[in-house]
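Scroll down for the structure; my scribbles are underneath it.
Throughout, read-outs are computed from the coordinates displayed, never taken from laboratory work. Computed from a predicted structure; not experimentally measured. Cβ atoms come from the backbone with ideal geometry, glycine included; neighbour counts cover every protein chain shown.
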Amino acid sequence: MNDLLLNLILTLDASFRVCTPLIFASMAGLFAERSGVVDIGLEGKLLMSAFIAASAATVFSSPWIGLLFAIFASCILAMIHGLASITFKGNQIVSGVAINILASGLTMILTLAWFKSGGITPTLQSDERFLSITLPGVDIIDHIPIIGVIYRELISGHNILVYLAFATVPLVWWVVYRTRFGLRLRAVGENPKAVDTAGLSVEGLRYKALLIGGILCGIGGAYIATAHNAQFTKEMTAGQGFIALAALIFGKWHPYRVLAACFLFGFLDALAVRLQGVVLPVIGEIPVQLIEATPYILTVILLAGFIGKAIPPKASAQPYIKEL
Amino acid sequence: MTRDRRLSWINGLLLPLFNVLTAFLATAIVFILINVNPIEATKILIYGAFGYEEGIGYTLYYTTNFIFTGLAVAVAFHAGLFNIGGEGQAYVGGLGTALVALYIDPTLSAWLIIPLGISGGLLFGAMWAIIPAYLQAYRGSHIVITTIMFNFLASALMVYLLVHVLREMGQMSPQSKDFPDSAWIPFVHDVFAGMGYKIAESPLNLSFIIALIFSALVWFFLWHTRWGFAIRATGKSNDAAVYSGINPKKIIVVTMCISGALAGLVGINELMGVQHRLLLDFNYGYGFGGIAVALMGRNHPIGIIIAALLFGILYQGGMDLAFEMQSVSRHIIVVMQGLVILFCGGLEYLYRPILIRFLAPIEASE
């Protein structure tokens, strides 16, 4: 029994770590899509910022400087997306695809140009990474059965960015639902004309939303390379940007539901790692690929309208053309 | 010239030309940033693609894949659909081709096996597109998102099948057993040898001809058949299509199936033509490359063949470039693809305001 509990706790613990970049990326997507801009480029921004974070952390021997550079790089990509989809009214999906491919190629040629290696950056020393933090009171609570284990293994011992991710969600909720900016943001995604008529800048609001998204993706990318791992490796984001997009849809563009979806997808990922090669009673061995594919299958089923309906913001993917 | 004439010149010719040039210019800047002389690099690249027989063979071999995926993306674009799932459709299409090649009676004639292999690719590619198409048409879920999901599902499915089901006994790497000789599409150098000419060996095979045939078929289909008209009408205006008696839902499903089927042909070139077995990631990058090709080729088969050739040149030349220059990797091609998609696609209208202001001002006496 204790063994099972410990296993469960360790899997949940891994889920926290896996879902952190999903949270940052999906919150980034939430801002973009709530403002009426579809962001397929989350994956590219994560990848680029993971690379830049690892590079800058190596060069300047500080994870924080890595983080700053990562945010900067991610914001540049976000602004390119803005230029294409807001100012020049191009196809937002095409622009997002361009960003993903660009990031994939640039990270590869820049690792070669900067570090003379094909697709990896030097391994980071421990002072160049975000390390896990032991929360106060672990020794005291440790004596209490169950709660002690949960506190020690599950709640304590993550790095600062994991805690930041979970703190971001209520903040996003507050910004989107309780501030003037949030109200305008939601309005511009549903009915940009009304916002325009009220004398507000549709383009300005959308740029702001993309910029916030850029910052969040930058943190998510930095987490992947300088906290969860200790270097950048080729294509290391491995579709997490798309899973975040799936979580965004699965959570119906609402911060808390999106968080739940991220955690579910993170849990599935952690479970897939744990179940590798394990033969379960009755069912037998579950193919890892099936568990890995579950987030995508669930999202498709949701999109098909079989478990509730996912309705995106109305003006999503439509460039706003001002009447003259 | 009237203003309308000038506008159509601007939109049809000048803008695409400026966009492609900007993408090239941006690539040159990337070269300069990584301390490579862009002119020097271009020379090596062009020599690698055209300078010797083997190089030409490789160039056309890569071109073949880009024609298939470029056509796939273009057909969908004509109906106003963005098929981002070419990657997955090519992967699963290859499975269809491989199943035919692996399980058919190998003593049958190649004249029978190869067309069946092509049909297998078409069928499985279409199959992988039909669910996203149905969901878009009848359940209102967005095709871009579902096709992305299906790319990942295809990848999971293929890894599973290759690791657990189709892997050859005693083989460490996940790949199937070899196809029988009768399922090989002949290499061009073998065909030439049969006619008494000796040319350098390369992976170029008769799939290239198949790609050209399919380009002609797509052209005929889109511009000279009732279905093609219906597809283009739906793409231009959904409402107008409905008023002229077209059922857009049906059109969406049919178009996506055709699109998926075309992407599914990548396996013909890669598997029946070159590898002669099913293996992981043979489709890698061609699905997304097809987007760049279709955008650059303005969704017209002739444009697509030219754009695919350009990407074939870049792929092959890029390999040689990476070999010659220590500081460049072949991924410069990926960067270039990204830039083409950005400037020919996302930033398509970058120069329009300027061009219209200078070349087609609104006449004062209107």
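When chain A is described by a simple charge dipole with +1 on each Lys and Arg Cβ and -1 on each Asp and Glu Cβ, the residue from A:Leu106, A:Ala78, A:His143 located farthest towards its positive end is A:Ala78. Once each of the GluC sites (Glu not before Pro) sitting in a DSSP loop with at most 15 other beta-carbon atoms within 10 Å is removed, chain A keeps A:1-234 as its longest stretch.
Here's the picture: charge each Lys and Arg Cβ at +1 and each Asp and Glu Cβ at -1 in chain A, and of A:Pro281, A:Tyr177, A:Ile291 the one pushed furthest to the positive end of that dipole is A:Tyr177. A cut-off of 5 Å between modelled amide H atoms, ignoring neighbours fewer than 5 places along the same chain, links B:Gln175 with B:Glu168. What is the distance in Å between the Cα centroid of the stretch B:250-270 and that of the stretch B:305-342? What the calculation gives is 25 Å, centre to centre. Express in whole angstrom the spacing between the alpha-carbon centres of the stretch B:165-180 and the stretch B:1-32. Between the Cα centres of the stretch B:165-180 and the stretch B:1-32 lies a distance of 48 Å. Eigen-decomposition of the gyration tensor built on the alpha-carbon atoms of the stretch B:220-366 gives equivalent ellipsoid semi-axes of 34, 27, 11 angstrom, largest listed first.
Which distance in Å, rounded to a whole number, links the C-alpha centroids of the stretch B:53-131 and the stretch A:178-248? Comparing the Cα centres of the stretch B:53-131 and the stretch A:178-248, I get a distance of 36 Å.
You can think of it this way: the chain between B:Met172 and B:Trp9 has 52.9 nm of extra reach, that is 0.36 nm per residue less the Cα-Cα gap. For the stretch B:41-104, the fraction of C-alpha pairs farther apart than 19 angstrom is 55 percent.
Of the residues A:Ala260, A:Gly204, A:Ala57, the one whose Cα sits farthest towards the positive end of the charge dipole of chain A is A:Gly204 (charges of +1 on Lys and Arg Cβ, -1 on Asp and Glu Cβ, taken about the Cα centre). Between B:Lys250 and A:Val138, the FRET efficiency from the beta-carbon distance, with R0 = 60 Å, is close to 0.40. The distance between label points at A:Ser61 and A:Ser126 comes to 1.6 nm (points 7 Å beyond Cα on the Cα→Cβ vector).
For the protein assembly as shown, a simple Cβ point-charge model (Lys and Arg +1, Asp and Glu -1, everything else neutral) yields a dipole of about 2200 debye relative to the Cα centre. Approximating the spin labels as points 7 Å out from Cα along Cα→Cβ, the B:Leu112-to-B:Val242 distance works out to 5.0 nm. Sites listed here are trypsin sites (Lys or Arg not before Pro) in the stretch A:44-120 whose DSSP assignment is loop and whose Cβ has at most 12 other Cβ atoms within 10 Å: A:Lys116.
For A:Asn159, the residues whose modelled amide H falls within less than 5 Å of its own, excluding neighbours fewer than 5 places apart on the same chain, are A:Ile133. If you model chain A as an ellipsoid using its alpha carbon gyration tensor, with each semi-axis the square root of five times an eigenvalue, the axes come out at 33, 24, 20 Å, biggest first. The loop-placed chymotrypsin sites (Phe, Trp or Tyr not before Pro) in the stretch B:196-240, going by DSSP, that have at most 10 neighbouring Cβ atoms within 10 Å of their Cβ come out as B:Tyr197. Debye-formula intensities of the stretch B:71-294, expressed as log10 I(q)/I(0) at q = 0.07, 0.08, 0.09 Å⁻¹, are -0.24, -0.31, -0.39 (one equal scatterer per alpha-carbon, no solvent). May I ask which of A:Lys89/A:Lys314; A:Lys208/A:Lys234; A:Lys45/A:Lys234; A:Lys45/A:Lys89; A:Lys45/A:Lys252; A:Lys45/B:Lys249 have a Cα-Cα span longer than 26 Å here? Table pairs above 26 Å Cα-Cα are A:Lys208/A:Lys234; A:Lys45/B:Lys249.
Span-like helices, chain A: DSSP H, alpha-carbon axial extent 20 Å or more, mean Kyte-Doolittle 1.6 or greater, which ones? Within chain A the helices that satisfy the rule are A:63-82, A:92-115, A:160-178, A:288-303. Each Lys and Arg Cβ is given +1 and each Asp and Glu Cβ -1; about its Cα centre, the stretch B:71-294 then shows a dipole of about 740 debye. Shape summary of the protein assembly as shown, radius of gyration then Dmax from alpha carbon positions: 25.9, 90 Å.
Placing unit charges on the Cβ atoms only, positive for Lys and Arg and negative for Asp and Glu, gives the stretch B:1-113 a dipole magnitude near 600 debye about its Cα centre. Give the value in nm², to one decimal: projected area of the alpha carbon convex hull of the stretch B:1-140, averaged over all directions. Averaged projected area of the stretch B:1-140's Cα convex hull equals 15.2 nm².
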